[in-house]
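A short worksheet on the structure shown next.
The values are calculated or read from the model by the stated rules, or taken from the named source; none is laboratory data. Keep in mind the model is a prediction, meaning the values are calculated, not measured. For neighbour counting, all protein chains shown are included, and Cβ atoms are generated from backbone atoms with ideal geometry for every residue, glycine included.
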Amino acid sequence: MVTGMDILKGVRVLDFGRYIAGPFCGALLGDLGADVIRIEKISGSEDRYTTPVNPGHPDGEVGSTFLHLNRNKRGMTLNPKKPGAEVIKQRLIESADVVLANMPQAGLKDIGIDYAALCLIKPDIILASSTAFGAAGPFGERVGFDGVAQAMSGNLHMTGTADKPMRNFHPYVDFTTGALNTIAILAAIMHRNQTGEGQEVQGALLASALTVAGGTLIEQAITGINRVASGNRGQTAAPSDTFQTQDGWILVSAIGQPLFERWAHLMGEEHWLTDPRFASDASRGEHADMISKRMQAWTITRTTDKVVSELDQARIPCGEVLSPQQALEHPQVHAMNYLTDIEYPGVEGPYPLPRLPLEFSKIKHVKPKRPPTLSEHTDAILGELGFSSEDLASFRAQRII
């Protein structure tokens, strides 16, 4: 059986990514077997230290997102703008198949990894970049994070309540962009295998956010409905909401006539099926507050386990509202075998590292490698490129690496 680490064997990726979108893309490529080299500032890039899990550690802090998104990578440091760094950058590019970065075009040019500069060194190179707003338009050179794209796509307007926009806590736009750029890179590799041509592929946070919001935007453009946020209560089906139980909260999502019929039977109240106000998903969405009130009266008399059990027997989708700690302890999470315990220097105890979130019938998952410590593989990588120990000492003396 082929292992996941063999699929992209022989493909080298230079990962200049920072924070989430770029590093997640690099992590996915590493999951599939690419030799991903994370290239950081000499003092370490900012995302290495964000949300530290070992604050004040004498061997250096490390952030939770860094621990998540830099698995299966080797790490080196380089100041690509420093005089004398050109020879290192050239050999790295010559050895690479893909250069990955999430920054505007001006940033790529500033450190000499824009597509034109890369092609002068290796004509069939693939450059994968992602920006906040895309390369064109009045915002082409603006910087931005996940929340900015959420805001500009309509998501904050539709999340929270009508009088208080709210972003998603987890940065879904960054992760979507990283995943889409991975697809783009795989497509570009296939194109190069067929034609010998490299190319530049570009993702954008706002484009990713608009993709997720596509159905809402289409509805608005056609109907002019002007929806506003309604908390957790759905607007196009019911019951679709969060409900309090005797000892917690659950989310229920009943979409479609068969599920609504099962819900009505569970309530023991057939009138829900004959009242024209509840004849379709759309009309149920318009009167969702009535359905939610009935559901809440039912759930509050039961424990969470009892509610989930009865809904499951009725084949109505539901789930407990779990804290992060409860999610870690949940038997279904353990049964999925998705989180792998990994050790990292300077971090107390193992931590649960998410792996590639896909299952294959013919590809075997292997245990991921921990993220690199700062500059852990610099000497080995530069040695592979033909630099001597004297060269390395000189580079360090000049603060190039």
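Structural remarks
- Meets criteria (farther than 27 Å from D241 by Cβ, touching a strand residue (DSSP E or B) at 6+ places or on another chain (Cβ under 6 Å), surrounded by fewer than 21 Cβ atoms within 10 Å (Cβ to Cβ) and modelled with pLDDT of 95 or more) for A179: no
- Candidates in segment 79-98 are the residues that are small (G, A, S) and surrounded by fewer than 19 Cβ atoms within 10 Å (Cβ to Cβ); of these, the one that is modelled with the lowest pLDDT is G84.
- Hits in segment 234-248 (condition: more than 28 Å from the chain's Cα centre (by Cα) and of a type in the set (S, T, N, Q)): Q244, T245, Q246
- Counted residues, segment 99-124 - those being part of a helix (DSSP H, G or I) and either touching a residue at least 60 places away in the same chain (Cβ under 8 Å) or surrounded by 19 or more Cβ atoms within 10 Å (Cβ to Cβ) (or both): 4
- Search result, residues across segment 371-389 that are part of a loop (DSSP other than H, G, I, E, B), out of contact with any Leu (no Cβ under 8 Å at 6 or more places or on another chain) and under 29 Å from G63 (Cα atoms): P372, T373, L374, S375, E376, H377
- If you go through segment 40-63 and pick out every residue that is acidic (D, E) and within 20 Å of I400 (Cα to Cα), you end up with 2.
- Of all residues in segment 354-366, those that are among the hydrophobic types (A, V, I, L, M, F, W, C) have Cβ atoms under 8 Å from Cβ atoms of residues that are surrounded by 12 or more Cβ atoms within 10 Å (Cβ to Cβ) and assigned to a loop (DSSP other than H, G, I, E, B), 6 or more apart or on another chain, in L356/L32; L356/H365; I363/I7.
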